[in-house]
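A quick write-up on the structure given underneath.
The values are calculated or read from the model by the stated rules, or taken from the named source; none is laboratory data. Since the model is a prediction, treat every value here as computed from it, not as a measurement. Using ideal geometry, Cβ is built from the backbone for each residue, glycine included, and neighbour counts are taken over all protein chains shown. Side chains included, ligands, DNA and RNA excluded: accessible areas come from the protein's heavy atoms. Shrake-Rupley method; radii C 1.70, N 1.55, O 1.52, S 1.80 Å.
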Amino acid sequence: LALTGFLAPEGPGAGVRPWAVSVNGVEVASGLCLSDPSSPSNRCRIAIPADKQSDEYEVKIKGAGLIQPRWVEAGSKLEVVPGSETDAFMQDGFYGGEGKGMPFCWTQGKATVQVPLTPGSKQYQLVLNVENGHPVMKRTASVSFQGFTKKIILPAQPMKVLLEFPAGDVEAPSMADLVFEVETWNPARQMGVQDSRDLGFKFYGLEWYPAL
């Protein structure tokens with residue numbers, strides 16, 4: 001289960017303001033939001049471990065309001081695509097969406113996606129759709145899940161990569177972090193272009209499902 005929307009800071013005036021979200025009295029996310037609710041920086045994505053309906057949760061936001069709130073539910077299988085409602089599970093470390101026809105997001109040096117844990121699973125299969133994005137350098141990235149880390153060679157063109165991770169004992173459906181890490185590069189410094197972001201790799205999406 002995930003809640004997504006845009007943060008609008010409380011109180012008059014501009015500037016950066018802190019916010020925090022609690023679910024059933026437990027803080028699950030916090031950060032800073034700008035005065036402009038339409039800013040990409042004010043996009044809020046909150047993944048919540050859940051096997052119940054959203055109306056059984058008491059969600060409170062301190063320091064901001066949530067515009068265009070939307071609940072997104074995931075079953076045991078999750079497909080995440082940038083620009084779709086499932087990008088609510090893309091938690092940290094992603095830049096805004098780009099591309100027409102085949103949308104993608106650049107990662108930062110470290111990026112996190114929340115994926116579901118399913119009771120009774122023996123292992124999980126991950127299908128990543130990624131691209132290196134660097135015009136010259138061949139690079140690798142690491143993918144970590146619950147203490148297990150695997151390396152992948154980032155393909156020169158968009159390509160699907162299959163990985164498998166062992167599943168631990170889970171008594172009830174919940175969520176866990178899937179973490180990507182890669183050495184970044186800066187187009188402005190390395191190529192003399194206007195893009196001054198520190199870029200990871202191009203993320204086109206993923207599929208995550210259990211093997212029972």
(message) Using only the heavy atoms of the protein chains and a 1.4 Å probe, how would Glu98, Glu181, Glu171, Glu27 rank by accessible area, largest first?
(response) Glu171, Glu27, Glu181, Glu98
(request) Starting from one equal scatterer on each C-alpha and no solvent at all, send me the Debye-based log10 I(q)/I(0) for segment 65-193 at q = 0.09, 0.11, 0.17, 0.19 Å⁻¹, two decimals. (result) -0.30, -0.44, -1.00, -1.21
(message) What number comes out for accessible area per residue over the chain if the probe is 1.4 Å? Units Å², please.
(response) 53 Å²
(request) Quick one: pull the percent of accessible area on the chain belonging to carbon and sulfur, 1.4 Å probe, ligands and nucleic acids left out. (result) 50 percent
(request) Give, as a single signed number, the net charge of other residues whose beta carbon lies under 15 Å from the beta carbon of Ile61, with Lys and Arg counted +1 and Asp and Glu -1. (result) +3
(request) Please report the relative contact order for the chain, taking Cα pairs under 8 Å with a sequence separation of at least 6, and give it as a percent rounded to a whole number. (result) 23 percent
(message) Using helices alone, I'd like the mean residue ellipticity at 222 nm for the chain: each DSSP H run of four-plus residues gives -39500 (n - 2.57), total over residue count, nearest 500.
(response) -500 deg cm²/dmol
(request) Compute, for Tyr57, the solvent-accessible surface of its heavy atoms (probe 1.4 Å) with the complete set of protein chains present, and express it in square angstrom to the nearest 10. (result) 40 Å²
